[in-house]
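Heads up: the structure comes next, in structure tokens.
The values are calculated or read from the model by the stated rules, or taken from the named source; none is laboratory data. All of these numbers come straight from a predicted model, not from anything done at the bench. We place every Cβ from the backbone using ideal geometry, glycine too, and count neighbours over all the protein chains shown.
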Amino acid sequence: MNDIRMIRENPEEFKQRIEARQIEVDVDQILALDTQRRALITQVEEIKAERNAGSKLVGKTKDPAERQQLIDQMAGLGDKITALDTQATEVDRELNDILLGIPNLPDADVPIGKDETENVPGPERGAPLREFGFEPKPHWDLAEELELIDFERAAKIAGSRTYILRGDLARLQRALIDWMLDVHTSRHGYLEVQPPYQVFAETLVGTSQLPKFADTLFHDIEEDKWLIPTAEVPVTNFYREEILDGNTLPVYHVAATPCFRREKVSAGRDVRGIKRVFQFMKVELVKFVKPEESADELMRLVDEACYIAEELGLHYRLLDLCTGDLGFGAAHTYDIEVWAPGCQEWLEVSSCSNMRDFQARRANIRYRADNGKPALLHTLNGSGLALPRVLIAIMEDH
């Protein structure tokens, strides 16, 4: 969530930075609600002070009639306080609902652009492009010929955009997940965790999937719990409503979980094979850091994810996402894309993002700063890496 104080004190800067994301926000409405809320709070405090003074006066008043008159006046003030408190709560809820629907502000060095066509690609890295003496096949054809993926039986038991990995491909995914976890824990200093796969709504609010993206999530209505779209959701919320010791930062966690997403795409190549599916495995990296360290930590996160692509001998590139393509909660994001020669396209296998204090404010995650006062920390996350697109690149390239 964006800082209301920043909006109040720098409305024009806020408007310019949020417009860079190709969205419009009614800043005047936000400021009006904020002014109204603060005025109501001031009124309540003034009336409470008046009531406190009157209560002391009641204790000193000896005349019964005068005393009763004061008591009646205090009761009237209590009714006013209740009414104003109710009004302030309603205004605060309206303001909060608006703020929850506004994305994070982009960092100053994020490229300005309207959509994904204006992302800035970096130099291509990793293994050189392979030269085939034939036309490489897409993974769905390879998988069918080698009996590595069963789409028909998956559709029979779970519907479209599901799949069953078989034999060596199932074994490869299991081996990749174990190896990635080992790399990130032993080489990069992460602590492995295994979070729940179902979470409360407020958990998704904390990482900004709710309320904005409710239609892309799977919801258990009876239990009122949601299937996680990424391990970022439960892992980031480990420290919700907590104040961490500043001396323990940075904190790094890694988790391998299934991810459940109701992504909506048009029929065609995007829904063929295992590129866009409702359930997939992913190794997720999450960082909790001091604000002054988050920019450097983002580049370290990118390097940690790129290391996996390098070691797998994949051809890949970095994309610096422009303002119009940033994820809702991100202030700066680098995508890692691997080349799939059969599909003839770049496939995103990781988005490494600095969320700054956006998630921490929503989830109230703080640390004890050097001055002894609690302050919002910064959170970062990225895939290290996401299956099954890594499987696609390995199959088609090797």
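Go through (1) in contact (Cβ under 8 Å) with a residue 40 or more places away in the chain; (2) loosely packed, with under 14 Cβ neighbours inside 10 Å for ILE221 and report which single condition fails.
Here ILE221 meets the rest and fails (1).
Given (1) within 22 Å of the chain's Cα centre (by Cα); (2) part of a helix (DSSP H, G or I); (3) surrounded by fewer than 22 Cβ atoms within 10 Å (Cβ to Cβ), identify the lone condition not met by ALA256.
(2)
Pairs please, first residue from the stretch 335-347 and without any contact (Cβ under 8 Å) to a residue 40 or more places away in the chain, second anywhere and surrounded by fewer than 20 Cβ atoms within 10 Å (Cβ to Cβ) and of a type in the set (D, E, K, R), Cβ atoms under 6 Å, 6+ apart in sequence or on different chains.
Qualifying pairs under 6 Å: GLU337/ARG317; GLU337/GLU348.
Looking at ALA369, ALA305, which one is buried (at least 24 other Cβ atoms within 10 Å of the Cβ), touching a residue at least 60 places away in the same chain (Cβ under 8 Å) and either within 21 Å of ASP245 (Cα to Cα) or not assigned by TED's automatic domain parsing to the domain that holds PHE14 (or both)?
On the way: ALA369 fails: buried (at least 24 other Cβ atoms within 10 Å of the Cβ).
Exactly one residue qualifies, and that residue is ALA305.
Kindly establish whether PRO123 is in contact with a strand residue (DSSP E or B) (Cβ under 9 Å, 6 or more places away or on another chain) and not assigned by TED's automatic domain parsing to the domain that holds GLU292.
Numbers: in contact with a strand residue (DSSP E or B) (Cβ under 9 Å, 6 or more places away or on another chain): yes; not assigned by TED's automatic domain parsing to the domain that holds GLU292: no.
No, not satisfied.
The conditions are (1) in a helix (DSSP H, G or I); (2) farther than 25 Å from ASN354 by Cα, and ARG130 fails exactly one of them. Which is it?
(1)
Among ARG240, ARG276, which is the only one that is assigned by TED's automatic domain parsing to the domain that holds GLU304 and modelled with pLDDT of 95 or more?
On the way: ARG276 fails: modelled with pLDDT of 95 or more.
It is ARG240.
Return the only residue of GLY324, GLY273 being in a helix (DSSP H, G or I), touching a residue at least 24 places away in the same chain (Cβ under 8 Å), in contact with a helix residue (DSSP H, G or I) (Cβ under 8 Å, 6 or more places away or on another chain) and more than 25 Å from VAL193 (Cβ to Cβ).
Numbers: GLY273 fails: in a helix (DSSP H, G or I).
Step by step, each of GLY324, GLY273 is checked, and only GLY324 is in a helix (DSSP H, G or I), touching a residue at least 24 places away in the same chain (Cβ under 8 Å), in contact with a helix residue (DSSP H, G or I) (Cβ under 8 Å, 6 or more places away or on another chain) and more than 25 Å from VAL193 (Cβ to Cβ).
I'm trying to understand the selection: among the residues of the stretch 1-27, which are touching a residue at least 40 places away in the same chain (Cβ under 8 Å) and surrounded by 13 or more Cβ atoms within 10 Å (Cβ to Cβ)?
Residues satisfying the conditions are MET1, ASN2, ASP3, ILE4, PHE14, ARG17, ILE18, ALA20, ARG21, GLN22, VAL25.
Answer with yes or no whether THR207 is in contact with a strand residue (DSSP E or B) (Cβ under 9 Å, 6 or more places away or on another chain) and either modelled with pLDDT under 95 or buried (at least 18 other Cβ atoms within 10 Å of the Cβ) (or both).
Numbers: in contact with a strand residue (DSSP E or B) (Cβ under 9 Å, 6 or more places away or on another chain): yes; either modelled with pLDDT under 95 or buried (at least 18 other Cβ atoms within 10 Å of the Cβ) (or both): yes.
The answer is yes for THR207.
Can you tell me which of LYS15, LYS56 is at pLDDT below 95, on the phi < 0 side of the Ramachandran plot and assigned to a helix (DSSP H, G or I)? Walk me through how you get there before you give the answer.
Details: LYS15 fails: at pLDDT below 95.
Among LYS15, LYS56, only LYS56 is at pLDDT below 95, on the phi < 0 side of the Ramachandran plot and assigned to a helix (DSSP H, G or I).
Quick one: VAL25 ticks every box in (1) under 21 Å from ARG93 (Cβ atoms); (2) at pLDDT 95 or above; (3) in a helix (DSSP H, G or I); (4) of a type outside the set (Phe, Trp, Tyr) except a single one, so which number is it?
Every condition holds for VAL25 apart from (3).
Does ALA375 meet the test of being closer than 29 Å to ALA201 by Cα and either free of Cβ contacts under 8 Å to residues at least 60 places away in the same chain or not assigned by TED's automatic domain parsing to the domain that holds ALA393 (or both)? Break it down stepwise before answering.
Working: closer than 29 Å to ALA201 by Cα: yes; either free of Cβ contacts under 8 Å to residues at least 60 places away in the same chain or not assigned by TED's automatic domain parsing to the domain that holds ALA393 (or both): no.
In short, no.
Answer with yes or no whether GLU45 is modelled with pLDDT of 75 or more, charged (D, E, K, R), farther than 30 Å from ASN354 by Cβ and not assigned by TED's automatic domain parsing to the domain that holds LEU204.
yes
Being touching a strand residue (DSSP E or B) at 6+ places or on another chain (Cβ under 8 Å) and within 25 Å of ARG368 (Cβ to Cβ) narrows it down to one of PHE238, PHE218, so name that one.
Within the list PHE238, PHE218, the selection yields PHE238.
Scanning the stretch 328-357 for residues that are in contact with a Lys or Arg (Cβ under 8 Å, 6 or more places away or on another chain) and outside any strand (DSSP E or B), which turns out nearest to MET299 (Cα to Cα)?
Checked the stretch 328-357; the qualifying residue nearest to MET299 (Cα to Cα) is ALA331.
If you take the residues in the stretch 133-168 that are surrounded by 12 or more Cβ atoms within 10 Å (Cβ to Cβ) and of a type in the set (Phe, Trp, Tyr), which one is nearest to the chain's Cα centre (by Cα)?
For the stretch 133-168, the residue satisfying everything is TYR163.
Yes/no per residue for (1) modelled with pLDDT under 95; (2) surrounded by fewer than 17 Cβ atoms within 10 Å (Cβ to Cβ); (3) of a type outside the set (Val, Ile, Thr):
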| position | (1), (2), (3) |
| --- | --- |
| ASP270 | yes, yes, yes |
| LYS287 | no, no, yes |
| LYS290 | no, yes, yes |
| LEU314 | no, no, yes |
